Structures are given as structure tokens and as C-alpha cells.
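Read-outs throughout are calculated quantities, based only on the coordinates presented, and are distinct from any laboratory measurement. From a predicted model like this one, the values you see are computed outputs, not experimental measurements. Every residue, glycine among them, receives a Cβ derived from its backbone with ideal geometry; neighbour counts consider all protein chains shown.
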Amino acid sequence: MRRFELITLGTGAALPARGRYPTAQLLNVHEGLYLIDCGEGTQERLRAQGINFLRIERIFISHLHGDHYLGLQGLISSMHLMGRKAPLHVHGPAPLKGIIDIQLRASETYLRYPLQVHVNPDVSGTVVHTDHRLEVVALALRHRIPTTGFLFKEQPAPRGLRKDRVAEIPHYLRDAVKQGADLERADGSVVANELLTLPPPPPRSYAFCSDTAYEPELIPFLHGVDLLYHEATFTEQLIGRARETMHSTAAQAATLAREAGVGQLLLGHFSSRYKSEQALLAEASAVFPNTLAAQDGRRYPIAERTDVNNL
């Protein structure tokens, strides 16, 4: 099975809370590591999970409120001290590069590795990054400062070889058949690809929507996502505070999940006033039953759906 797994390193909102770190997540796609936001303490949380910092290929920063990026400079410096050589790509708001540069200059730090900072687009649906594992698409969130969510979409897998027909295919032709080629036999006859293969498992997807007011314009971009992480800073009792700070309630997050027809909703970014997430979870579950409350250090795998006859 190819891994597609989220680790929630921090689930808290702006103020510190016992048992909750500021926002940070690690997405593992086929053993490629992508860090999403980097609040204070992210290095410690990565260590606790046994994650090698140097394996992180890209970092996606949603916005420049401190609880989402103040751990970034320390992580960049640690990678330097650990002897990183591979390029590191950081995606974030336009001012982020200047913030990083001024801190490096002030400490007279000259990184041992190339650091490339990319500016987040401000239009939903814009492709941010593509590689052989996934495609990353921007989501324009609605917050007090420019804020971007991210949709991570797994690249399609090759077709699977049918167990009952695989013996007919020479080893050196199997990769081509998996890619959709028909089988040409030595006698000149041709076997159609659909007789030898099965469709690949559907690509998986994960969406990260943190720090945003309720935004129904996201629904078309979130339609059918396997796992949606959405902030739920407050309950409906504090909807006035949610509007004032441009955050969401648990019920609003659940409404968005229901309207978008997502597979599962994961709540996070909990205000420190809530010692337990149960009130937020109960409120959201009444609207969208397949809801979980994120926990620091918890892993959320998205299973690959495969056919038993598929090789």
C-alpha cells in the first residue's frame, strides 16, 4: 500500500493551551514529506514523532499570524546545522521571504542548502506545486490577513494487472501494460489493455483550511475530498466572536463539509478557552456525523481502495 497519511503536530489556536501546540501538520505521500504550517514547537513535535527534518521537501505556510509560522526560522536553522544539502522549498505569503532573509542576515547565517521561497497565489484552484506524488492547489481563505489553504491531490496510480491474466504478460512488458498499452503477442495478435488490467484505485485527497470565516465559495474546490481539515475555533455560542475575528464555528465547518460532500471532517485550531474538544465535536457531528476532533500527535491515514484481483 502507498502511504497517504496526515500527522497533526499542533491543533491549538493563537494562545497556548495545555496539551495543544500551535498549528503544524505533516503530510506523508508515498514517503515524501510535506510540512503544513509551522507554529512554535514544531521541531519538538517532529522529534517526538521520530521524523527526520532533512526528509521534509516542501513547507506550506498559510498566513503570517504567529501561531502558524513562528517555528519556521528555527526549523530552517536546524536543517542548516544538521548539514542539509538538498534544496528546501517554502510556499507562503509575499512578505515571508523578507522575514526569513532579515533573520538570516541578523544572525550572519549562510545556509548550506538552497532555500527557495514561493509566493502563494490568491485565487482558488491555482496549482501551487506538482511532482510525481501529488498536485497542490491553492484555496483562497477569508481571514483578517491574506490566508491560503491547500488541497493536496494524489497523482493517479498505474492500472493494476489482473491476477488471472498476469502470466500472459512477459515481465519486460508489464510496466507498459500498467501504463495503458495493449499487449502485442509474438504471433502478431493483440490483447486489449482492458482485458489484462483493472482500473487503478481512485486518487486520494486532503484539504487544509485553517483560519477562515465560513466561506461557501470553497465548496466546488472541496467537493469529494477524502479528508478535510477545517478550523473550528469556537462553538455557535461565540459566533459573534467568530465573525469579529474571521474564524469559524464547529457547526460552520461541518456545514461546509456536508455541502461539499467530503469523506471525513477533521476539526482543529481550537480556542484555548475549551479545555476539551467535546463541545466542538458534538456541535459539528450534529451537522456532519463523520467528524473527528484533531489531537496533537495523532496520525490520520487515508486508506487506498484497491480490488483484490489487482496487482
Checklist line | Amide proton proximity set for VAL90, modelled H, under 5 Å, gap of 5+ | finding: ILE59, GLN116, VAL117, HIS118
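Mind putting a number on the dipole of the chain about its Cα centre? Charges go on the C-beta only, +1 for Lys and Arg and -1 for Asp and Glu, and I need it in Debye to the nearest 20.
For this selection, approximately 720 debye.
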Next item on the list: For segment 213-311, build the convex hull from the C-alpha positions and give me its volume per residue in Å³.
Entry: 114 Å³
Next item on the list: Would you mind classifying segment 1-156 by shape? Square roots of the alpha carbon gyration tensor eigenvalues, ordered a ≥ b ≥ c; an a/c under 1.5 is rounded, otherwise it is prolate if a/b is larger than b/c and oblate if not.
Entry: rounded
Notebook entry, point to check: How big, in percent, is the set of alpha carbon pairs in segment 14-82 lying more than 14 Å apart?
Noted result: 55 percent
Notebook entry, point to check: What share of the DSSP beta bridges in the chain is antiparallel, in percent to the nearest 5?
Noted result: 60 percent
Checklist line | Cα-only Debye scattering, the chain: base-10 log of I(q)/I(0) at q = 0.07, 0.11 Å⁻¹ | finding: -0.32, -0.71
Notebook entry, point to check: How big is the charge dipole of segment 200-257 about its Cα centre, in debye rounded to the nearest 20, if each Lys and Arg gets +1 on its Cβ and each Asp and Glu gets -1 on its Cβ?
Noted result: 80 debye
Checklist line | segment 183-248: chymotrypsin sites (Phe, Trp or Tyr not before Pro) falling in loop per DSSP and having at most 13 other Cβ within 10 Å | finding: none
Checklist line | Separation in nanometres of the label points that stand 7 Å from Cα toward Cβ, at TYR172 and SER107 | finding: 5.5 nm
Next item on the list: May I ask for the Kirkwood hydrodynamic radius of segment 96-149, worked out over all distinct Cα pairs and given in angstroms to one decimal?
Entry: 13.5 Å
